[in-house]
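One structure is given here, and the rest of the page talks about it.
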Amino acid sequence: GRLLFVASNGREPTGLYELAPGAAAPRRVARRNTLDAHVPLADGGVRFAQGEWRDPWRLRSDLWMRDAAGRERPLTHGARLFAPDARASDGAIVAVQNVAGTTRLVRVSSAGVVEPITSAALDTNWSAPRWSHDGARIAATRWVRGGVMSIVVFDSLGRAPRTVAAARASVDHPAWSLDDRTLLFSVNATGTAVVWSVDVASGALRRVAGGSTSLDEPLALARGFVAIETRAAGERLVRGAWPAALDAAPGGAGARLETELPGIADAHPSAPAAPVQGPVQPYRPWRQLVPRYWLPMLEATDENRTRYGALIAGSDVVGRHAYAAALMREPRRGEQTGDLSYRYAGFGLPLVNVTARQSWDHSDLVDSTRATVGVLGRRRRFAGASLTVVRQRVRQVASFSAGGELELRDFVTDPAPLRDRLGSPLYRQTLRYPSFSATAAWANTKSPILAFGPEDGVSVAAGARWRWRSDDAAATRSEMYVGAVALYKSLGIFPGAAHHVLAVRGAAAVTDDRTNTELEAGGVSGASAELAPGLLVGDVRRNFFVRGFAPGAQLGTRATGGSAEWRAPLAMPGWGRGVVPFFAQRVSATLFADAASAWCPAGARKNTVACPAGETTRAWLASVGGELSLDAAVLNYDTPYRLRFGYARPVQGREFSGSPNGSTYFSLGLSF
């Protein structure tokens, strides 16, 4: 007497629900990866299909079993099975299997052995097989070339097929009556699905139920049926009357016998299928990788001068190769900057990443009287490669990446003769800094459709970098280690379309005083986006952010930090105006508290990049505040942004803040 169904309500991840006899509301039983049929068995177990990632590119649906104790395990692995049904007497399974270019019906043993019961043909597809209650017959939907769909009845081995209802329309989801004399099914020839029935022996048709809303996937009950009703507000389960109950009122609504199903006129009949012969050649991606477009770029240098350039990118159709390249020039100094990235996925795993980039930065040169006499320009060139392994699953993901990079660093002065007057000989040679890094990450957070961010899970990341200067590797070796963990918990006690979420994050890092990449505390953490070519807005993701303080308010070789946020949904306006390139989707609010510190411990050498003054006292930066976030599509409808408008007030370490009484800010994306 219980009813099982799978639903995705947007507030929770997709799940299995049970509606018990007499219950006022359904009970959530378990989480599910995808929406598919569930079959309850007499022993309290359940058979079902759900999708799972086999690797980062292939999502495969398999059969699973859940026993009466709630333990779940897969019956098949990578078999591409869906829409299962189990025979009541012995649990024998019939299902649909995806094969090359089409589908077929199969039987699946309790050991997971798959045996086809229909042939695979490119002009025929199958769906929704269902056992009769006595286990002697199978009903299924067949869809053939030309758009004709039909309900077909077989014996238990898939033999002696007989069509009992057909039309050039959507005719699908057969369900047996409890006495196995009648089949219910849905018909959609107008855009609205209607429930029909057919007497299996005589072929007599009845229009059972339907109206202004669609009724799909009917399921027979003792005194009626249940179906999925689709309406403007979404989907819901509804109960309808069984045709036998309507027979008491001949001529009543839904009781009239019909001669045929409604169909759609075939204005353009399909030509007969004909084999196509052509040459078979190896896959060659090179023509696809020729750049098909370029974008102009415009940005400011650190001296507030303008760079001009262009961006190109490309990839092949199967995703083995992908690249992007940008080149920019500052005309007054004749300095070029740019970057090149390339990813090769032809091995499957690991992914191969190759990068190269060049950048310039400048600082003033002063004499003994502190008067500016020129400019020191530093050119940094990087070339690196890495390998990345990803273990992608529906409910969790893990990744590991390792690679090496070589940095070349040289200097110029303006005017040029000043370089010979600089004291250190390092300014007159090219410095080489080889490095090796490794990062690992794992997360099992959930993301329901209407969620405002990750929920109910953990995210962990750790990284390390070892760096040398090639002319003095033993004396210049530098190490850096970084780790972070974030926890997310949804709070279901509050009403609304999405959950309130409590999010907590902590991070720590350590390096040495030979590093050229100091650790910094302060600033806003977020994401950046190019709203238009050359128009880059937002922030970078920071490990030790403290809103209300400038980036790098503290520097050092040790750093720790943490944040706590209460994220609350406010509204889902779904607002747009004509062709104006702006669409407001969702609004949320966040209350936060941040704290972090960066310092140089005892024994730190002076006059280094990270610790110019040597040892520094550990002092905390802390702030509290709030944010208002808007998820919106801006200029580009395909890429929604999270626009964050916030206010932060320092409560600890105000002497490190340029706005000790509080400040406002703007950023993009989530802080973590």
Worksheet entry | Options Asn353, Val412, Pro296, ranked by Cα towards positive dipole end of segment 282-421, top entry (Cβ charges) | Asn353
Fill in: Cα radius of gyration and Dmax for segment 588-672 (Å)
17.8, 54
Discussion item. If I take all pairs of Cα atoms in segment 266-421, what percentage of them are more than 21 Å from each other?
Written reply: 66
Fill in: Largest-first principal axis extents, alpha carbons of the chain, Å
108, 63, 53
Fill in: Theoretical ellipticity at 222 nm over the chain - DSSP helices of four or more residues, -39500 (n - 2.57) apiece, nearest 500
0 deg cm²/dmol
Worksheet, complete the sentence: Taking the reciprocal of mean 1/r across every pair of different Cα atoms in segment 55-157, the Kirkwood radius in Å is 14.4
Response to the item:
Scoring segment 148-204 by relative contact order with C-alpha pairs under 8 Å, at least six apart, yields a percentage of 26
Worksheet item: Seen from all sides and averaged, what is the projected area of the convex hull of the Cα atoms in segment 381-520, in nm²?
Response: 12.4
Worksheet entry | Alpha-carbon Rg/Rh ratio, for segment 514-672, with Rh computed the Kirkwood way | 1.07
Discussion item. Run the Debye formula on the Cα coordinates of segment 423-505, all scatterers equal and no solvent, and tell me log10 I(q)/I(0) at q = 0.25 1/Å.
Written reply: -1.12
Item to complete: Could you check how much of the accessible area of segment 286-332 is carbon and sulfur, as a whole percent, using a 1.4 Å probe?
Response: 59
Worksheet entry | Largest-first ellipsoid semi-axes for segment 52-107, taking √(5λ) over the Cα gyration tensor eigenvalues, angstrom | 22, 17, 6
Worksheet, complete the sentence: Residues whose built amide H sits under 5 Å from the amide H of Val373, excluding neighbours closer than 5 in sequence, are Leu365, Val366, Asp367
Worksheet item: Bin by bin, in steps of 10 Å, what percent of the Cα pairs in segment 398-450 do you find, going until the bin that has the longest distance?
Response: 18, 25, 18, 16, 13, 10, 1
Discussion item. Given contacts defined as C-alpha pairs under 8 Å and at least six residues apart, what's the relative contact order of the chain, whole-number percent?
Written reply: 6
Fill in: 4 °C / 1.567 mPa s Stokes-Einstein diffusion coefficient of segment 1-121, Kirkwood radius on C-alpha pairs, µm²/s
85
Worksheet item: Amide H to amide H, which residues 5 or more places from Arg137 or on other chains are under 5 Å from it, using H placed in the peptide plane?
Response: Ser132
Worksheet item: Relative to the Cα centre, what is the charge dipole magnitude of the chain, using +1 at the beta carbon of each Lys and Arg, -1 at the beta carbon of each Asp and Glu, and rounding to the nearest 20 debye?
Response: 620
Item to complete: Just need the Rg to Rh number for segment 562-628, please, alpha carbons only, Kirkwood Rh.
Response: 1.35
Worksheet item: If packing is taken as the mean number of other Cβ atoms within 10 Å per residue, what is the order of 143-150, 203-210, highest first?
Response: 203-210, 143-150
Response to the item:
Scalar couplings 3J(HN,Hα) for segment 443-452 by Karplus 6.51 cos²θ - 1.76 cosθ + 1.60 (θ = phi - 60°), nearest whole Hz, x for Gly and Pro, are 8, 10, 5, 9, 9, x, 4, 9, 5, 8
Worksheet item: If the viscosity is 0.890 mPa s and the temperature 25 °C, what translational diffusion coefficient in µm²/s does Stokes-Einstein give for segment 281-323 when Rh comes from Kirkwood over Cα pairs?
Response: 194
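The values are calculated or read from the model by the stated rules, or taken from the named source; none is laboratory data. Everything numeric here is computed off the predicted structure, so don't read it as measured data. For neighbour counting, all protein chains shown are included, and Cβ atoms are generated from backbone atoms with ideal geometry for every residue, glycine included. Quick note on the areas: whole protein, heavy atoms, side chains included, nothing else; ligands and nucleic acids left out. Shrake-Rupley method; radii C 1.70, N 1.55, O 1.52, S 1.80 Å.
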